[in-house]
Amino acid sequence: MSLLTLFLASALADAAPEECSPATLSQSIPAAEAVNVPIDIAPLLIFRGNCGLSASYTVRLTASGDPTPLFETTYDASDFAIAGENDSLLEPDFGLLTADTDYIVQVTNDFGEDRQFGFSTGQGVVEPITTGLPTVQIESAQQDKLSRDFYYNQIDLSITSAGAGDGAYIISREGVEIGALVATGPTTPYTIFWNDSTLEDRMCVTVVERDPSGALVGPSAESCAEVTASRGCSHTSPWLAGWMILPLLGLRRSR
């Protein structure tokens, strides 16, 4: 076996897509261990996984020290909003919460997942975003070839809130949602990735911000970047690559 064949086999093995994994809870509003949560918060649960939502998911809300659920609902796939191949969003309606109270959220599903997190309310209410738009900046856009007609795409972003940065973002490309995340402050870095069969020279994204009241703000202005390969070079058009190779073939044959 040639060294070139060994190299290509190794590269494809390293770049193989991740195995399918069930959608599991990854982020939430309120966040785990959050304090002074507004009593009228609009909850959001973000699930990450690329196997869809074939299981039933049950969400329970209890007050600390009381096992009786204040909220308990089972959801199926039709209740989720899909944002790309990895992220799914669920918006349970907890209603008006009690001030100065500790709560526990439990999420279970047919895959055996059992996630719990707590938060504490304060006495305030949500301050919705009333002016401005979020902004997004692509720091880098990368595309790597996995096989003859399949590519791994990665975009590194920096997103700035139109408000206090206590909501969530939904990222779109060419009008199609490709990911979602909870804000980690006024400005949030994020890396989003997906696989497809399209060779790209340039990528552009926008974001919509979901504020703590559940209202959507945006979309933002579009941010674009030239696509590079893993070695940091821009994609070369196939016809240009062919003209570059021909002189090298001639040199080899003349030897």
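The values are calculated or read from the model by the stated rules, or taken from the named source; none is laboratory data. Since we're looking at a predicted model, the values are computed, not measured. Here Cβ is always computed from backbone atoms with ideal geometry, including for glycine, and neighbour counts include all displayed protein chains.
Here the strands (runs of 3 or more DSSP E) wholly within segment 32-145 that include at least 1 residues being of a type in the set (D, E, K, R) and farther than 21 Å from Gly167 by Cα are 57-63, 71-75, 114-121. Restricted to segment 87-110, and to residues there that are in contact with a Ser or Thr (Cβ under 8 Å, 6 or more places away or on another chain) and hydrophobic (A, V, I, L, M, F, W, C), the residue that is farthest from Pro22 (Cα to Cα) is Ala99. Leu96 satisfies every condition listed in (1) touching an Asp or Glu at 6+ places or on another chain (Cβ under 8 Å); (2) without any contact (Cβ under 8 Å) to a residue 40 or more places away in the chain; (3) surrounded by fewer than 15 Cβ atoms within 10 Å (Cβ to Cβ) except (2).
In segment 156-167, the residues that are among the β-branched types (Val, Ile, Thr) reach residues that are in a loop (DSSP other than H, G, I, E, B) with C-beta atoms within less than 8 angstrom, at least six apart or across chains, in these pairs: Ile159/Pro134; Ile159/Ala183; Thr160/Pro134; Thr160/Pro186. Listed by first and then second residue, the pairs with beta-carbon distance under 8 Å, at least 6 apart or on different chains, first residue in segment 53-74 and without any contact (Cβ under 8 Å) to a residue 60 or more places away in the chain, second basic (Lys, Arg) and outside any loop (DSSP other than H, G, I, E, B), are Pro69/Arg60; Phe71/Arg60; Glu72/Arg60. Quick check on segment 10-23. Is at least one of its residues touching a Leu at 6+ places or on another chain (Cβ under 6 Å), among the hydrophobic types (A, V, I, L, M, F, W, C) and at pLDDT 95 or above? For segment 10-23, residues touching a Leu at 6+ places or on another chain (Cβ under 6 Å), among the hydrophobic types (A, V, I, L, M, F, W, C) and at pLDDT 95 or above: absent.
For segment 143-171, a residue qualifies if it is of a type in the set (S, T, N, Q) and at pLDDT 95 or above, and the qualifying residues are Ser158, Thr160, Ser161.
Within segment 154-161, does at least one residue satisfy the condition of being in contact with a Lys or Arg (Cβ under 7 Å, 6 or more places away or on another chain) and not assigned by TED's automatic domain parsing to the domain that holds Ile46? Checked segment 154-161: no residue is in contact with a Lys or Arg (Cβ under 7 Å, 6 or more places away or on another chain) and not assigned by TED's automatic domain parsing to the domain that holds Ile46. Looking at Arg210, is it modelled with pLDDT of 95 or more, of a type in the set (Lys, Arg) and surrounded by 15 or more Cβ atoms within 10 Å (Cβ to Cβ)? So Arg210 passes the test. Candidates in segment 59-78 are the residues that are within 24 Å of the chain's Cα centre (by Cα) and exposed (fewer than 15 other Cβ atoms within 10 Å of the Cβ); of these, the one that is modelled with the highest pLDDT is Thr74.
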